[in-house]
Amino acid sequence: MRLGIDLEQYVVDPQSSGIQRVLQQIARTWPSALIEADFIVPSHDGSRPCFALVTPKQADRLISHSFAGGAHEASLHERVKTWVDSVEAPRVDSAELISLYDAWLLPEVSYLPAVLERTRAFQASMPTTMIAYDVLPMIDPANYRFVPGTSAAVSEYFRLLADADALVCISEWTRSGVVSELRRDPTLPILVASPGADHLRAVEPRRSDRSAIQFLRVGTLEDRKQPLSILEAFTHARTAGWDIELTYVGRPSASHSHINETIRAAAQDPSSGVSWITDADDASIWERMAEADVFVSIGTEGFGIPVLEALQLGTPVVFSGIQPAAEIMEGSGSTRTHDVAEVFSMSAEDIQGLRATIDTAAIPRWRDFSAAVATAVIQTLP
């Protein structure tokens with residue numbers, strides 16, 4: 001039995017999704033002993049469009065371009081294209097693909113018509129499995145800016161999720177949304193498996209030498225992640241005399257310019273205690289995680305791998321809202337607050353007590369996630 005794993009979305013637009021880490025770790029930890037798999041990438045054989053069939057190890061190298069230094073959008077796209085065109089791998093045309101595999105996996109969110117059409121066609125010929133990350137574009141469209149004319153493709157992607165022979169949801173919250181919002185038949189196979197954080201080695205906590213308590217918030221400044229509520233609560237506590245500092249790390253909001261303007265103004269005020277970093281690479285983000293006193297995650301997250309990364313690096317987490325990763329770790333290093341204002345009035349003793357509860361053994365592991373995906377695929381086979 002052999003599985004085809006579709007990576008066209010990554011190759012066409014490697015910078016567009018937030019799930020590169022998931023793709024990398026699926027390739028790196030793929031359980032070939034359970035089922036052999038090829039990762040399928042669009043390529044060229046001379047002037048003829050075709051598909052390269054790359055091994056999991058090769059796919060790992062491909063996706064790792066996203067995490068190399070200087071992976072700016074233009075240079076990343078060019079590096080990926082060059083790698084795909086030069087890789088030593090079998091090449092087939094689209095008509096041959098369907099005859100090569102016993103099952104198909106779409107591991108990415110994709111609104112590319114070619115990917116959607118292929119997935120729909122393959123659903124009619126072989127068992128098809130998909131990984132469901134969240135249904136936020138369907139329930140919170142104001143936070144997503146889609147290219148005009150793509151609404152039909154967005155709808156088709158979510159219809160495919162509803163129809164897939166098997167679905168791997170990254171959280172119970174995602175599973176619930178798929179059933180309630182997409183109206184997937186609950187009798188169809190749905191497995192829940194969470195992404196991991198063991199791409200980082202667990203380390204002993206390493207605190208900053210600054211006297212102020214350091215709070216860190218990571219992620220784009222979308223409204224659903226409540227960056228302004230965080231700022232308001234922080235500013236109130238600092239005005240009240242708390243010796244605290246707050247760092248935002250993440251890209252500007254694509255939908256709400258007033259959020260960007262407000263955070264930028266605070267960061268430009270030297271008395272505010274606020275800083276904003278928009279272009280940090282993974283290494284510098286992890287450095288800041290390791291040095292922070294508290295990692296703050298507020299609002300609605302599809303999952304929240306940075307929460308797990310912070311815990312892996314010894315930094316406790318305070319969260320509120322829909323936070324699947326933080327909820328998994330509640331009581332094992334993360335704690336829920338019902339009042340954002342309380343976050344910034346934590347004492348050093350409170351933080352030390354929360355840090356002492358961190359249990360890195362409870363953090364999900366990538367090999368378990370990949371094995372769950374493979375198991376879901378296998379269960380669809382006759």
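What follows draws every value from the coordinates through simple rules; no lab data is involved. Model, not experiment: these values are computed from the prediction. No Cβ is skipped: glycine too gets one built from the backbone with ideal geometry, and neighbour counts run over all protein chains shown.
The residue among A290, S66, T278 whose Cα reaches farthest toward the positive pole of the charge dipole of the chain, with charges on the beta-carbon of Lys, Arg, Asp and Glu, is S66. Using θ = phi - 60° in the Karplus curve 6.51 cos²θ - 1.76 cosθ + 1.60, the 3J(HN,Hα) couplings for the range 294-310 round to 9, 9, 10, 9, 10, x, 10, 10, x, 8, x, 3, x, 4, 5, 5, 4 Hz; x is entered for Gly and Pro.
Annotation: amide H of V192 within the under-5 Å range of C169, sequence separation 5 or more or interchain, hydrogens built in the peptide plane. Working note: Karplus 6.51/-1.76/1.60 with θ = phi - 60° gives the range 103-117 the couplings 7, 9, 10, 9, x, 10, 6, 8, 10, 6, x, 4, 5, 5, 5 Hz, where Gly and Pro are set to x.
For the range 20-32, putting each phi into the Karplus relation 6.51 cos²θ - 1.76 cosθ + 1.60 with θ = phi - 60° gives couplings of 4, 5, 5, 4, 4, 6, 4, 5, 5, 10, 4, x, 4 Hz, in residue order, rounded to whole numbers and with x for Gly and Pro. Taking only Cα atoms, what is the 0 to 90° angle, nearest 10, from helix 366-380's long axis to the longest principal axis of the chain? Helix 366-380 sits at roughly 40 degrees to that axis.
Since only A348, H236, P252 are under comparison, the one whose Cα sits farthest along the positive direction of the charge dipole of the range 213-362, derived from C-beta charges on Lys, Arg, Asp and Glu, is P252.
Around the Cα centre of the chain, unit charges on the Cβ atoms of Lys, Arg, Asp and Glu (plus for the first two, minus for the last two) sum to a dipole of about 300 debye. Between R91 and D339, the contour length at 0.36 nm per residue exceeds the alpha carbon distance by 83.7 nm.
Put simply, the amide H of G299, placed in the peptide plane, has neighbours under 5 Å in S320, G321, I322, leaving out anything fewer than 5 places away on its chain. Extension gain for the segment S180 to R201, taken as residue separation times 0.36 nm less the Cα-Cα distance, is 3.8 nm to one decimal. Stretched out straight at 0.36 nm per residue, the stretch from S64 to A212 would grow longer than its current Cα-Cα span by 49.7 nm. Which shape class applies to the range 1-106: rounded if a/c is under 1.5, otherwise prolate when a/b exceeds b/c and oblate if not, where a ≥ b ≥ c are the square roots of the Cα gyration tensor eigenvalues? In terms of gyration-tensor shape, oblate. Positive-end ranking of Q20, Q312, T262 along the dipole of the chain, with charges on Cβ about the Cα centre, is headed by Q20. The Cα center of the range 269-300 and the Cα center of the range 243-265 differ in position by 11 Å. Residues considered: F67, F303, F234. Largest GNM mean-square fluctuation over the chain, using C-alpha springs under 10 Å, is found at F67. Comparing A325, A202, A152 in a Gaussian network model of the chain (Cα springs below 10 Å), the most mobile by mean-square fluctuation is A152.
In a Gaussian network model over the chain where Cα atoms closer than 10 Å are linked, find which of D350, D165, D368 has the largest mean-square fluctuation. It is D350.
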